[in-house]
Structure formats: structure tokens, C-alpha cells
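In what follows, a single structure is set out as C-alpha cells and then discussed.
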Ligand code: SF4
């Protein structure tokens, strides 16, 4: 085949194809736990899933399940069922997808979930997580534990910070007592160390894959990262995803060494802020028609979580609870605006980004609040072109494809003029 006839992009990394198996194993482990009468827990993203694995409780993440529904074009139906129950059009579409999926008793492969032994939430990312699990825990009549994580703002001083760390640590110790009461399982400190080491290795491997994306051309596209993200928050602490990420890294490194990019002709390097549109991942392939590739996504990077220089491997293993508290307080997604702008500027320089796409996610306040200020600062202070996209991660009714294409077309004209 001549170069002209070749597709613009290369296929996903071979290693990424193994993701289906890994995630399949995760869902099988959930089914197995039910068969064996083992304790299970719903967990929101941002909670220390590692503690669940340590105490032999099988986690399930309804957010992950909601994306499964969206990818199969089932989320709209589930969301409408939730709205029929009275939940507002403007509420989080992950939450409503879960409400509808539970109401329909959907199978796990369609994004359904099972009644857990207990629920674990946290407001580390958003208060919806807490209210969502409160609603479902009350409906399902299961116990619910929530971890309150204070947010750091630009004026938080060291004394407050130290107090917050202690406050979160105390709750994590309480959580272990709670798990013991509801499952009879006790903390095994040696197992905790192993799980913590695995979690650290998984997170740092993901960062190394991201570091490879700094190369021109970029060896890894969103075809690898949007799906590749899931083990980070469903299976962190286990060995299996580490092997997968090592394979992804090796393959991406080979591409870098051979000067091969995920896109054959890389013209524009973009960053994407926000949650992807799980029901329309084709959107991201469309960018290729302009020669554009996304080289960095805050969302997928944030879940690598070990981005805090205070948290070393040694600390993770020797003081896992303190390390966990520190990580929860410094999660990428809850940075105050000032830090967020600073981090963005650093990212744009390091990943050599030409422009930023900002997803103004209509059903997610944490994602959307501050987005226009972020855009203004990036454009005015650092001359970084930005485009706001009004959409939603799980509700296809909120995507206007024609309008989006027109906006993108103008954005790429702008980028072309700057080249
Ligand atoms: S999408 Fe936004 S509002 Fe919904 S659970 Fe996630 S962070 Fe919270």
C-alpha cells in the first residue's frame, strides 16, 4: 500500500488490546465474589480502593459501569429513567445512568451493578459522589461510609494543611474499623504494604507512558489512554494491570526510538481538559482529519495520583495511611485555580501543546467551574489558544455535533495561522 493510501493513524498499541481481558477479569472477579459470598463494595473515584483490596473486599465502581453503558449507547435510556423518577436534567449523568441501570436491573456488561455489602464514597472530587451513594445506600439498605476531604485553596496555610492531613488519616483508620465491623476482615499490614507498592508502581508506570507522549511525534493517542485509564481506578493495588502498563510502555518506547507517531502526520498537538464523551469516542478520531492528536489529558493523568513530590515510594510502603491522606488532599482535580493555571502552563511547555480543548461538562460542576477563568488566563497570560466545548460525558442529548465541527474548524484555522 502506498503512503497516500495508508490510513492517517496507526492502530492502537497491541498492549492496549489486552485491556479488554484485564477489565473482563475485573468484572469476573466481581461475579466470583458474589458466588463465593465474599464482601463487595461500591466505591467512588478518588477513594482509596487499595484499602478495599487490602481488606479482601471486592470493589465495584459505578462510574466505570456508567461509561460502559455510554459506550454501548445505553446511557441515554438510563438517564431518562432517572429523570422520570424526578432527578433533574442538570444533575450528573453518571449518577443518573446508575439510577436508571439499577432500576432496570441491567446486567454488568451493560453497565449494571450489584447490591454491595457496603458503599464507600468521598467528597474529594465532588459532593455528588456522597449524595449519590447516600441515595442508593438508602434505597438498597446497605451501610455507607464517606471520607470528608477538605479542599486546599490558595491561602491554605501549613498549619491548616497539617490539620487536614490528620483529619483525613483519622477517617481512614475509622474506615478500616468500619470494614472490620461489616465484613469481619482485619487489616493485614504485610498485605497493605504489597498493595501499596503495586499501586505506586501502577501510577508511576502510567506517568512514564505519559512522559513518552512528550516526544514528537507522540507515540500514544487517546485510543490507548481513555480505555487504559480504567485499571488505575478499579484495580489499583493488583499485579495484573502492572504487566499491561509495562507492555504499553515498552511498545510506546519502541515507537519513540523508531520515530513513529500514533498519527502518521502530526500537525497539531492538543491537550484535552475534562471527561471524554464516552458515547462518542469517534469524536476524538475526527481530530485526525485536521492532523491533530491529543498528547495530554488531565483526566487520565490525574488518576496516576502519585504526582505529589512529598509522597515517595518509601512513604507509600512504610506509612500507607499518611501517604493516602496526602494524595487525597493533593489530587490533580481539586487544585485551586491558581495552581491549576500554573500546572497547565507547565504541561503546555513540557508536552509541547499547540492548543487546549476544554470540555465544559454540563452535568459536572467540578469539571466546569473555573473553566472560563482557566481559559482566560491561558490565553491572556500565556498566549495559549483554547477552545471551550459545551457537552456532557454520558448524556448524548447534550452534544451538538454540527456546532462542534464548526467550532473545531475555526479553531484549527486559528492554529494554522499561528504556525
Ligand atoms: S462527573 Fe462530575 S459531578 Fe459526576 S460524579 Fe464525576 S466529578 Fe462528580
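The values are calculated or read from the model by the stated rules, or taken from the named source; none is laboratory data. What you see is a predicted model, and the numbers here were worked out from it, not measured in a lab. Ideal geometry is used to build each Cβ from the backbone, glycine not excepted, and the neighbour counts take in all protein chains shown.
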> How about segment 97-119: which of its residues are without any contact (Cβ under 8 Å) to a residue 40 or more places away in the chain and over 12 Å from residue 139 (Cβ atoms)?
Replying inline: 100, 101, 104, 105, 106, 107
>> If residue 152 meets every condition in (1) out of contact with any strand residue (DSSP E or B) (no Cβ under 6 Å at 6 or more places or on another chain); (2) part of a helix (DSSP H, G or I) apart from one, which number is that one?
In response: (2)
> How many residues does segment 27-46 hold that are closer than 24 Å to residue 328 by Cβ, at pLDDT 95 or above and part of a loop (DSSP other than H, G, I, E, B)?
Replying inline: 2
> Quick one: how many residues across segment 363-394 are surrounded by 19 or more Cβ atoms within 10 Å (Cβ to Cβ), within 16 Å of the ligand (Cβ to nearest atom) and assigned to a loop (DSSP other than H, G, I, E, B)?
Replying inline: 5
> When residue 288 is evaluated against the numbered criteria (1) within 27 Å of residue 376 (Cβ to Cβ); (2) in a helix (DSSP H, G or I); (3) in contact with a strand residue (DSSP E or B) (Cβ under 8 Å, 6 or more places away or on another chain), which criterion, by number, is the only one it fails?
Replying inline: (1)
> Identify, please: which residue in segment 4-19 is surrounded by fewer than 16 Cβ atoms within 10 Å (Cβ to Cβ) and at pLDDT 90 or above and is, among those, nearest to residue 59 (Cα to Cα)?
Replying inline: 17
> Which of the residues belonging to segment 83-118 are more than 15 Å from the ligand (Cβ to nearest atom) and in a loop (DSSP other than H, G, I, E, B)?
Replying inline: 85, 86, 104, 105, 106, 107, 112, 114, 115, 116, 117
>> For segment 54-82, give me the residue count where each residue is in a strand (DSSP E or B) and within 12 Å of the ligand (Cβ to nearest atom).
In response: 0
> When you scan segment 299-316, how many residues do you find that are in a helix (DSSP H, G or I), in contact (Cβ under 8 Å) with a residue 40 or more places away in the chain and crowded, with 16+ Cβ neighbours inside 10 Å?
Replying inline: 4
> Restricting the search to segment 269-282, which residues are more than 16 Å from the ligand (Cβ to nearest atom) and under 20 Å from residue 414 (Cα atoms)?
Replying inline: 269, 270, 271
